[in-house]
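S.K.: Below is the structure I would like to discuss, written out as structure tokens.
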Amino acid sequence: MGRQFFQGRIGQRDLRLEIMLGPERVIRGFVSKAEFEDEINAGGFLEYAEVHGNYYGTSLTYVNRLADEGKDVILEIDVQGAGWVRKRMPDALSIFIMPPSFEVLKARLMARGTEKPEDLEIRLGNARGEVMEYAHFDYVIINDEIFASARKLAAIIMAERQRRDRQTEAICDILDSFDVSKHYLPGE
């Protein structure tokens, strides 16, 4: 899905949702290569990668802080990054956004016109292997129509919030309100 569309369609409507897209993840641009590597060695990244000579990473401290604030954090990352997240946070929910076909992916990337032909060729070659990683994800959204895909993503997020294990505190509070010893019952 397109980044601006994704943020506008879902992120702005849901205050509990924190979406971390490309620029928010790029730490290397703000620190030296040595500082970035020190942070890697210190375990400071939830996931990181070196792509075309640049480091990209997601701060573990930042993600944990957002989670502690009750936010749902969405990371737009590649399959390599998703693998790191699954290792570091086994309870993390993973959603694979899959193009409806190789031909559609190729047409979408060509229509963007953001890559040199040789880079596009490499990216499409990598896509063949990356798409097979879908089996390691909890959910798969086939992105054949962007509005429908956004609704599917929102539905997954809402359903996951309703899981019993994610509502333990609220459920306990409700159950406590049913405690007979705490309430006056007519006829007593």
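The values are calculated or read from the model by the stated rules, or taken from the named source; none is laboratory data. These figures come from a predicted structure and were not determined experimentally. As a convention, Cβ positions derive from the backbone with ideal geometry for all residues, glycine included, and neighbour counts pool all protein chains shown.
S.K.: If you scan the range 127-141, which residues turn out to be modelled with pLDDT of 95 or more and part of a helix (DSSP H, G or I)?
M.R.: Hits for the range 127-141 are Val131, Met132, Glu133, Tyr134, Ala135, His136.
S.K.: Moving on to the next point. Report, by residue number, each residue of the range 100-126 that is basic (Lys, Arg), over 16 Å from Asn143 (Cβ atoms) and assigned to a helix (DSSP H, G or I).
M.R.: Within the range 100-126, Arg123 is the sole residue that qualifies.
S.K.: Further, regarding this structure: In this structure, is Phe137 touching a residue at least 40 places away in the same chain (Cβ under 8 Å), of a type outside the set (Ser, Thr, Tyr) and loosely packed, with under 12 Cβ neighbours inside 10 Å?
M.R.: When the stated conditions are applied, Phe137 does not pass them.
S.K.: If only one of Ile97, Ile77 is assigned to a loop (DSSP other than H, G, I, E, B), among the β-branched types (Val, Ile, Thr) and either within 18 Å of Ala150 (Cα to Cα) or touching a residue at least 60 places away in the same chain (Cβ under 8 Å) (or both), which one is it?
M.R.: Testing whether each residue is assigned to a loop (DSSP other than H, G, I, E, B), among the β-branched types (Val, Ile, Thr) and either within 18 Å of Ala150 (Cα to Cα) or touching a residue at least 60 places away in the same chain (Cβ under 8 Å) (or both) leaves just Ile77.
S.K.: Shifting gears a bit: Would you pick out the residues in the range 26-49 that are at pLDDT below 85, touching a strand residue (DSSP E or B) at 6+ places or on another chain (Cβ under 8 Å) and not in a helix (DSSP H, G or I)?
M.R.: Scanning the range 26-49 gives Val26, Ile27, Ala49.
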